[in-house]
Amino acid sequence: MRPVATSDDLLLDLSFVRRADRTVIDRRLFAWPFVLTRSFYLDPDRPGCLSVIVQTGSGAVHGEDSLAQRLVLRPGTAVCLTNQGATSVHRADPAARSMETVRLYVAGGASLEYLPEPRILFPDAALCQSVELDCAKEGCTLVVDAFTMHDPGGEARGFRELESTFCLRRSGGEPLMIDRMRLHRPDPDIFRGHRAFGSAILVLTPSHDLARLQASLTAALGRISRLYAAASVLPGAAGLGVRLAALDLRQIRTAFDAIRAIYRQTLLASMAS
């Protein structure tokens, strides 16, 4: 795994190493609107896992924002990263789009839980987001993503555009999976009454029993009322992918909690074996 240099507009750049059985931050660079304060050790089952909460000074994504992040996990580290709350994406001028780029590098023996809060798309919002994950074959990663729609005027006005790309590599190789979605002034009928949507990618080591995990996910998600969910095996048997649709974010959050619990149980079982 060789993280490549990024452009000058990189606004959040974090690197993690393992020291004395704990994960610590060894590179902490951030600029407006990102804010990073104290990190924590909150997991009683994995006392060396570092929990990081990234904050933003603006509290929202605006029309011409261009936000770039990079996280690098060195061998043996364990990180859980989230942010302070759901992020509003405000309207963009007709010729503009908000841009978000995230690059994640996970070395062998490392584990990352990348758990950003959902995006709330306001009328005429236009967001282009890209997540690139390079995970070593002996590394594990959970990445979630979700969005909902909201019109404060109560007029059911929709967002203008949402483009989302997820790219998975293993150990710096060619892309194993590229998942792309683009919605441009979508007809509300295509959502069939659903107002919140999510996805989760679980990248696991070759030793994991994907069929058993798929069954566990399907059973857990099937118990959540008014949630549509499907779990499938990723290309190259790299892990599992989950798609979610619900009436609102409450069901999506409940689903993410269930997915994270299964991911953690899988890691703990691997550590015990």
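A few remarks follow.
- Scanning region 217-240 for residues that are under 21 Å from the mean Cα position of the chain (by Cα), outside any strand (DSSP E or B) and not aliphatic (A, V, I, L, M) turns up Thr218, Pro235, Gly236.
- Residues that are small (Gly, Ala, Ser) and part of a loop (DSSP other than H, G, I, E, B), drawn from region 241-273: Ser273
- Residues considered: Gly76, Gly85. Of these, the only one that is touching a Lys or Arg at 6+ places or on another chain (Cβ under 8 Å), of a type outside the set (S, T, N, Q) and in contact (Cβ under 8 Å) with a residue 24 or more places away in the chain is Gly76.
- Checking Thr148, Thr141 one by one, the residue that is touching a residue at least 60 places away in the same chain (Cβ under 8 Å), surrounded by fewer than 20 Cβ atoms within 10 Å (Cβ to Cβ) and in contact with a Leu (Cβ under 9 Å, 6 or more places away or on another chain) is Thr148 and no other.
- For the criterion of being of a type outside the set (Phe, Trp, Tyr), under 30 Å from Thr266 (Cβ atoms) and surrounded by fewer than 20 Cβ atoms within 10 Å (Cβ to Cβ), Pro47 passes.
- Restricting attention to region 4-42, the residues being under 26 Å from Pro175 (Cα atoms) and either at pLDDT 90 or above or buried (at least 17 other Cβ atoms within 10 Å of the Cβ) (or both) number 8.
- In region 259-273, the residues that are farther than 16 Å from Pro44 by Cα reach residues that are at pLDDT 90 or above and surrounded by fewer than 13 Cβ atoms within 10 Å (Cβ to Cβ) with C-beta atoms within less than 9 angstrom, at least six apart or across chains, in these pairs: Ser270/Ser207; Ser273/Ser207.
- Residue-level check: of (1) closer than 25 Å to Leu127 by Cβ; (2) loosely packed, with under 15 Cβ neighbours inside 10 Å, Gln69 misses just (2).
- One residue from Val79, Val72, Val54, Val102 being closer than 18 Å to Gly198 by Cβ, aliphatic (A, V, I, L, M), within 20 Å of the chain's Cα centre (by Cα) and part of a strand (DSSP E or B): Val102
- Some residue of region 120-142 being within 29 Å of Ser51 (Cα to Cα), assigned to a loop (DSSP other than H, G, I, E, B) and hydroxyl-bearing (Ser, Thr, Tyr): no
The values are calculated or read from the model by the stated rules, or taken from the named source; none is laboratory data. These numbers come from a predicted model, not from an experiment. Here Cβ is always computed from backbone atoms with ideal geometry, including for glycine, and neighbour counts include all displayed protein chains.
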